[in-house]
Each structure stands twice: as C-alpha cells, then as structure tokens.
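Below you'll find the structure, written out as structure tokens, and then a few comments.
The values are calculated or read from the model by the stated rules, or taken from the named source; none is laboratory data. Being a predicted model, the structure only gives us computed values, none of them experimental. For neighbour counting, all protein chains shown are included, and Cβ atoms are generated from backbone atoms with ideal geometry for every residue, glycine included.
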Amino acid sequence: MRSRRFPATALVVRRAAALTLRAATFVVCAATTLRAQDTEPDRLARLDQNSRITIQILLDSAEAAGLPARALRSIALEGVSKKADSRAIVSAVRQEFTLLRTARATLGPVDPEELTAAAALLRAGAKPAQLASFRVRQKGRSDLQAFTIWADLITRGVPSEDASSAITKLWEDGADDATFVSLWNNVQSDILRGLNPGTALQNRIRETPGRPPATKGPPEGQQENERSE
Amino acid sequence: MTDSDQLHPYVEWIIREARRPVVSDAEARDRVMAAIHAEPVPRRIGVWQRIFAPRVFSLSPVTGALLAAGLVGIGVIAGVFTSNRDGRASVEQPPVAQVVRPAVSDTVVKFVISLPRAQQVSLVGDFNDWDVAKTPMARSAHGGLWTVTLPLSAGRHVYAFVVDGSSWIADPSAPFAPDDGFGHANSVKIVGRGSSL
C-alpha cells in the first residue's frame, strides 16, 4: 500500500477519518432529534393513559360504526386546549359518540357534517323525535343550516319546543338556507335589543314566508369565496 | 574460538573464499553503474503531492455505512435549516393574517372580531385542532379589529377566539354552538353550500 510509504500521512488521514465519522454520527443523531421535534406531537398525549385509551377506543368504535370520528377527536382536542379535566373530556367524547349514534338512527344515512350538526342540536336540547321531519328530504337539500340555526336559538334561550316548531315549519314549507340565515339575523338583533328570545322568534317567524325549495342548486364543490364579515 | 587451528575445515574454506578478492569484468561493472545512473533520482515530495497523492483506505462495512449515514444526515440538517415544512424559506415572519394558498375545494374565509384592549388574539377551532398557537390574528392598523384569513373546507366548523392566551370567547356575529361541557361557548361557521354564515 502506498500509504505505508508515508506513515505520518497515513496517521493524519486515519485521524481525519475518525473525526469525520464522529462528526457524522453526531449529525445523524442531531438530525433525527430535530426531525422528531418537527413532527407534530399528538396533543391527546397530554391526557392520562386511561383517558387516552378510552378516547382511542371511542374513536375506533366510531370509525367501525361509520360515525365521524373527526368530530369526537375535535371535542377531545378542544377539551385539552381548554385545560379541562381528563374525566370531563372523556365524558364529553362519550356523550358526542352517543349523540352521533342517536342522530344517525333518527336521520338515516346523512353526510358527516349534517350528522355532527344534528348531534350538536341534540346536545342543545332538541329531542330525537323532533328531527324526524328532516329524515325525508329532496335530493341535494341540506339541513345543515337549519340545524345550526335551531341549535343557536335554543342556546340563546328560545324554548326548545318553540324553536323546533318554527324551524320544522320553515323546513317543511321548503325554506332555503338564506331564509334560515335571515331569520337568525332578525331574531338575534331583537334579542340583543332586549326582546325575550321566545317572543323574538314568534314575531319573526310570522313575517318569514316559506319558500318553495330551489329546483336547481349550484353543483357540489363549486362555491364562491365568502367572508364572515 | 579464538584459535583458527581449531576451526572446522569447512569453515576455514568459507573464510578463504570470502577473503579472496572478487575479480569482475570491468565492462560489466561499467554497464551496472550506467544502469544505476540512468535511474531517476527520487525527488523530495511536496505538501501538495502529499495532499493530492492517491491513497488506499481500508474501512469496515459498519464504518462505511456510518460514514454514508453521516453524509445523508448533513443533507437533512441542511434541509432543516434552510426551509420549513411547506418548503418556504425559514425567515421569521411577524404574526400577520395568514393567507395560505387554499386547496381547490377550499373556501377562503375571513374572521374578524373587535377587541380594542386585547394584546393578542388567536383563532381556534376544529380546523386547527384547537391549537392556540396555530392561527394568530393580526390587529388592523385602525385599532381594535383583529383579522385572519384562512382556507376552510366546505361544511360545518366550530371555532372560538382566545384573547391574551387565556380568555375564550365566541364570535358575536355567528351562531352559537352548544357547550361541549367545557364551560365556554363556541361559534359555528357554515362554509360553502351558498351560506353567508
């Protein structure tokens, strides 16, 4: 070997190789650590082990039952962010699971968004039987807006029965999303002006005409940009 | 064995042969010397020659693998420090309203709330895993308005604002979502489906 002709050089080269090897090992370890930190940690890991396992079982059960597990996970993460007690988080997730199952039993196979809105409505205080009118619907018609307004009205203090009959009547009369939004805007402004929530709804529902359902809506996925202002 | 008389005859013969002068052919001697002079004189090896002269190394397979992994690691480190996850340059940005290129099916939504006394406002919801650090809002130039713009998929989204890292408030301009059991009201945003909520 030619390196034997220059023993000093060979020694330097060997030392350099060893140094490079050590540096490379360090770089690999550092890179692995940085990559691990860059990967987003699971925020549910903040829960204690029992709660985490229970929630994971509920998520798996929801998926197996064809229910939107994303809604359950969202509630768990909301609880973590709000620094709620682990038991409260598990209880909220379990309740959501039950509500989703009840909503689907009532409405039949609807899309996950509508199912989540229906579950929220049941949590607000509506009874499953009150959702029965929404089981049959025209193709392409969504009850998402109606359920959202309905849940809001109950949350703002409108008696559940009053909200149910008002929204159901509008729905059966073929009201579109804009009608529900308009009703909500009017009732909300009346409540903010100090009117009793139930009275505000009764007043506004009288002046809200039912409309025939739109015969042709926009194609799915083709939505205009919107602003919440 | 100082007395040569005591040496073995064979040894004595070797000594005699060794002492006998070698008679070489003068012509042959000249040829040998000429051949020696024809050889180039070894030059002094310089620093550059030492550096650039090819060498043969021997590395074990494990050492070679570690060396290769190290080189890959250097590339990873370079990648980490020169770009962030979405491939943009990692330049520190002030917390301004996010304008992210939306997916084809997403809708760009602007969230606005008036909080003149707030020092810091964040938007949290099911679209960002309720992470307070993910979507900071920007204060407008004219005072108390806080805004953020982000793409959302069509459907129902539940959200809230977090003021100064601790106070959770619902959007007063949107429908309320019933309490999930955590003691704070949320708001609902319906995206797409022709809604203006």
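Restricted to segment A:87-118, and to residues there that are away from chain B (no Cβ under 12 Å) and closer than 25 Å to B:Asp131 by Cβ, the residue that is surrounded by the fewest Cβ atoms within 10 Å (Cβ to Cβ) is A:Phe97. Restricting segment A:119-161 to residues that are within 14 Å of chain B (Cβ to nearest Cβ) and of a type in the set (Ser, Thr, Tyr), which is farthest from A:Pro68 (Cα to Cα)? Step by step, filter segment A:119-161, then rank; the result is A:Ser160. Would it be correct to say that A:Arg123 is surrounded by 15 or more Cβ atoms within 10 Å (Cβ to Cβ), in a helix (DSSP H, G or I) and either in the same structural domain as A:Glu96 (by TED's automatic domain parsing) or touching a Pro at 6+ places or on another chain (Cβ under 7 Å) (or both)? Against the criterion (surrounded by 15 or more Cβ atoms within 10 Å (Cβ to Cβ), in a helix (DSSP H, G or I) and either in the same structural domain as A:Glu96 (by TED's automatic domain parsing) or touching a Pro at 6+ places or on another chain (Cβ under 7 Å) (or both)), A:Arg123 qualifies.
Applying the condition of being buried (at least 21 other Cβ atoms within 10 Å of the Cβ) and within 15 Å of A:Leu77 (Cβ to Cβ) to segment B:178-190 and asking which residue is nearest to the other protein chains (Cβ to nearest Cβ) yields B:Asp180. Name the residues in segment B:118-143 that are assigned to a loop (DSSP other than H, G, I, E, B), out of contact with any Asp or Glu (no Cβ under 8 Å at 6 or more places or on another chain) and away from chain A (no Cβ under 14 Å), would you? Listed by number, the residues that qualify are B:Ala141, B:His142, B:Gly143.
For segment B:26-40, a tally of residues being of a type in the set (Asp, Glu) and either surrounded by 10 or more Cβ atoms within 10 Å (Cβ to Cβ) or in a helix (DSSP H, G or I) (or both) returns 2. For segment B:151-168, the candidate set comprises residues that are aliphatic (A, V, I, L, M) and farther than 26 Å from A:Ala118 by Cβ; within that set, the residue that is surrounded by the fewest Cβ atoms within 10 Å (Cβ to Cβ) is B:Val163.
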